[in-house]
Structures are given as structure tokens and as C-alpha cells.
């Protein structure tokens, strides 16, 4: 099954960073139960700027509804952090064997 990767740019105020990090940890744990992974990266010089990467099979990103816990955590994250709607993207894997065969 093909993999999918979603990327989101996030801005968090310094007063909410601890709460944000705890929520991301909880969401990563919930997603792990469904075979997904969540990675968080911090910008080295732009304080409060983060990138969230969520990876899993394409069906888990596009077909399966989030669990109740995932929905609750996503709502809480949007309460404490600003998600740039224009910066949320979904990318689908191109298996290299298929890419090679079509060239």
C-alpha cells in the first residue's frame, strides 16, 4: 500500500509551547496505535515555528476517519497553536519501481 505524508506549518506562542508539546506527544502516541508516525521539527532561529510531519499508509490519511481521541487532540492543538491553512499539504508516495518502469 502506498504511503502518505502530510506536512503542517505551526506557530506557537512561548507561553503555550509546553502545552503544545504535550499535546503533540499525546497525538503521536494515538497515531502510533493506527500505524502512523508523527515527527515534530523546530525552526532553529524562528522562535515558535514548527513543522509537523505525519506519515502512514495513504488510506489512513484519506479514507479513515480520525478516532475520537485524535479528533479531541487535533481540536486542542488548534486551540493552543496557529496552523497555517495554506501550509498544510498532503503528499502521496510514488513507489520507485513504478516510477522507473514508466520512464
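The values are calculated or read from the model by the stated rules, or taken from the named source; none is laboratory data. Here the structure is a predicted model, which is why all the values come from computation and not from measurement. Cβ placement follows ideal geometry from the backbone for every residue including glycine, while neighbour counts extend to all protein chains displayed.
Consider region 37-59. How many of its residues are at pLDDT 90 or above and within 19 Å of residue 70 (Cα to Cα)?
Total meeting the criteria: 9.
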Which residue pairs have Cβ atoms under 6 Å apart, sit 6 or more places apart or on different chains, and have a first residue in region 74-97 that is touching a residue at least 12 places away in the same chain (Cβ under 8 Å) and on the phi < 0 side of the Ramachandran plot and a second that is assigned to a helix (DSSP H, G or I) and surrounded by 11 or more Cβ atoms within 10 Å (Cβ to Cβ)? 76/23; 77/23; 80/16; 80/19; 80/20; 81/20; 92/58
What is the one condition in (1) surrounded by fewer than 17 Cβ atoms within 10 Å (Cβ to Cβ); (2) closer than 23 Å to residue 92 by Cα that residue 19 does not satisfy? (2)
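Would you confirm, using the coordinates I've provided, whether residue 74 is under 22 Å from residue 23 (Cβ atoms) and modelled with pLDDT of 90 or more?
no
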When residues of region 1-47 are filtered for being under 24 Å from residue 86 (Cβ atoms) and in contact (Cβ under 8 Å) with a residue 24 or more places away in the chain, how many remain? 21
